[in-house]
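Please read the structure below before turning to the comments.
The values are calculated or read from the model by the stated rules, or taken from the named source; none is laboratory data. Note that the coordinates shown come from a computational prediction; the quantities given were computed from them, not determined experimentally. Here the Cβ is made from the backbone with ideal geometry for all residues, glycine too, and neighbour counts use every protein chain on show. For accessibility, only protein heavy atoms count, side chains too; no ligands or nucleic acids. Shrake-Rupley method; radii C 1.70, N 1.55, O 1.52, S 1.80 Å.
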Amino acid sequence: MSYDVDAVRSCFPALRAGAAHFDGPGGSQVPESVAAAVAATLTAPIANRGRVTQAERNADDVVVAARRAVADLVGGDPGGVVFGRSMTALTYDLSRALSAEWGPGDEVVVTRLDHDANVRPWVQAAQRSGATVRWAEFDPATGELPPEAVGRLLTDRTRLVAVTGASNLIGTRPDVAAITALASAAGALSYVDGVHLTAHAPVDVAELGADFYACSPYKFLGPHCGCVVAAPALLETLHPDKLLPSTDAVPERFELGTLPYELLAGTTAAVDFLAGLGGPEGDRRARLRAGLAAVAAHEDRLRERIDDALGALPGVTVWSRARWRTPTLLLTFAGRDASDAARALAARGVNAPAGSFYAIEASRWLGLGDAGGLRVGLAPYTDDSDVDRLLAGLEAWAAG
């Protein structure tokens, strides 16, 4: 199917300000339909969930619809979709619930490639419980995290493997299915950070073999919240701290306090927008797979343009080198500060930030310390004119 980027762009009010956005890995712009869904929920009769009054039904319908939407997006079970303030907050909550059963001699595997939200909660949970943390290391020369880097760390005492679906710093997409298969064979659970992956490719949690799959709607054109998807039967085995009168039903037992109904409505609208990119045929799950495949093809073409052009620029190092990766590039400049490049691009109306973007272990492992580099991340609304402006800005910066 053809990808009509002009039609896509027309749906994003923020783009009318004129900036070229390469900051999608830090949070995407939202289509008008998402903002409208948020506003409509805030201005409709609303109350705590129930089925008696119209206000109660409105709240309940929003939550049920959002669970179904996220389940369709990632191929999960609506009864296993947990919402929270952010992926980070949910991961901390689940780390506390899971580690309640850990003790000395138990082990947890984390990777140097991951965002710190899928590292620090597990490291700190292990420290509290007396468990041992084992580190899987990626190859800084290639950006690859081979499954055997995780597999050789596994023992019969491994309780959990935390791994990213895609690096938000250099874009690397590890072979998650192979890694989770190794974890399962060792009797360990897997927690997959899909925050960066979900925005750029079709996802199927069963194909990935993820016991827990975390993502953030604001990275895939939605509002600021987080979600974790797991099998309801697995969630039934966990007993997080909660208020006495709050329900013990799954998934509600993990959702502390009243949910942000307006953000859940916006999440459903974002999923529906992505499904609309897949054409009118088929159910929402099928249209989502088709739509995100079209997004991936569009973004990969633009990334290849940028890759080819960067090879001709003096003093530029591209750290995104994995064979399988998202359209996300990390750049450094010989003898120059990447934050200065970000400011120079911003003056040209090109948003491409600099830093380590909470992937602090990855940045240090690459030898970049806490400073990181300039990150260029594409989104479904990126077009060739955006790329032209980016490349012109980088060429001027490199020559300056």
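Given a 1.4 angstrom probe, I'd like the percentage of the accessible area of the stretch 262-328 that is carbon and sulfur, rounded to a whole number.
Within the stretch 262-328, the accessible surface is 53 percent carbon and sulfur.
Measuring from label point to label point, each 7 Å out along Cα→Cβ, what is the E395 to V64 span in nm?
5.7 nm
Whose amide H sits under 5 Å from the amide H of T111, counting only residues 5 or more places off or on another chain, with H placed in the peptide plane?
A136
Just to check I understand the Karplus step: with θ = phi - 60° and J = 6.51 cos²θ - 1.76 cosθ + 1.60, what whole-Hz values come out for the stretch 163-180, glycine and proline as x?
Those phi angles translate into 8, 7, x, 6, 6, 6, 9, 10, x, 3, 10, x, 7, 4, 4, 5, 5, 5 Hz.
Sequence gap at least 6, Cα distance under 8 Å: using those rules, report the relative contact order of the stretch 130-218 to the nearest whole percent.
That works out to 26 percent.
Enter the accessible area per residue of the stretch 152-282 (Å², integer; probe 1.4 Å; all protein chains in place).
Accessible area per residue: 35 Å².
Residues with amide H under 5 Å of A166's amide H, sequence separation 5 or more or different chain, H placed in the peptide plane at 1.01 Å from N; which?
Under 5 Å from the amide H of A166 lie the amide H atoms of H196, L197, each far enough along the sequence or on another chain.
Rounded to the nearest 500 deg cm²/dmol, what is the calculated helix-only ellipticity per residue at 222 nm for the chain, with -39500 (n - 2.57) per DSSP H run of length n ≥ 4?
Helix contribution divided over all residues of the chain: -12000 deg cm²/dmol.
Could you tell me which of T164, V123, S2 has its Cα farthest along the dipole of the chain towards the positive end, charges placed at Cβ (Lys, Arg +1; Asp, Glu -1), taken about the Cα centre?
The one lying farthest along the dipole's positive direction is V123.
Express in nm, to one decimal, how much length is gained between R301 and D383 on full extension, taking 0.36 nm for each residue of separation and deducting their alpha carbon distance.
28.5 nm
How large is ³J(HN,Hα) for each residue in the stretch 45-60, as worked out from phi by the Karplus curve 6.51 cos²θ - 1.76 cosθ + 1.60 (θ = phi - 60°), to whole Hz, x for Gly and Pro?
x, 9, 7, 5, 4, x, 10, 8, 8, 4, 4, 5, 5, 4, 4, 5
What are the ³J(HN,Hα) values, in whole Hz, obtained from phi via the Karplus relation 6.51 cos²θ - 1.76 cosθ + 1.60 with θ = phi - 60°, for each residue of the stretch 134-146 in sequence order, with x given for Gly and Pro?
Once θ is set to phi - 60°, the couplings for the stretch 134-146 become 10, 10, 8, 10, 8, 7, x, 6, 10, x, 8, 10, x Hz.
Assuming 0.36 nm per residue, please report the length gained on full extension of the stretch N48 to S339 beyond their Cα-Cα distance. Working shown, then result.
On the way: separation 291, 0.36 × 291 = 104.76 nm, distance 4.55 nm.
Contour length minus Cα-Cα distance gives 100.2 nm.
For mean projected area of the Cα convex hull in nm², several values are listed as [x] 23.7; [y] 19.6; [z] 25.6; flag the one computed from this structure.
[y]
If you roll a 1.4 Å probe over the heavy atoms of the protein chains, what accessible area per residue do you get for the stretch 320-362, in Å²?
44 Å²
Which of V123, V387, V52 moves most in a GNM of the chain, Cα contacts under 10 Å?
Judging by the Gaussian network model, the answer is V52.
Using a probe of 1.4 angstrom, how much of the accessible area of the stretch 188-256 is carbon and sulfur, in percent?
61 percent
Leaving out ligands, DNA and RNA, and with a 1.4 Å probe, what % of the accessible surface on the stretch 86-149 is carbon or sulfur?
On the way: 1100 of 2270 Å².
Carbon and sulfur together cover 48 percent of it.
Given the whole protein assembly as supplied and a 1.4 Å probe, what does the accessible area of L98 come to in Å², nearest 10?
About 10 Å², rounded to the nearest 10.
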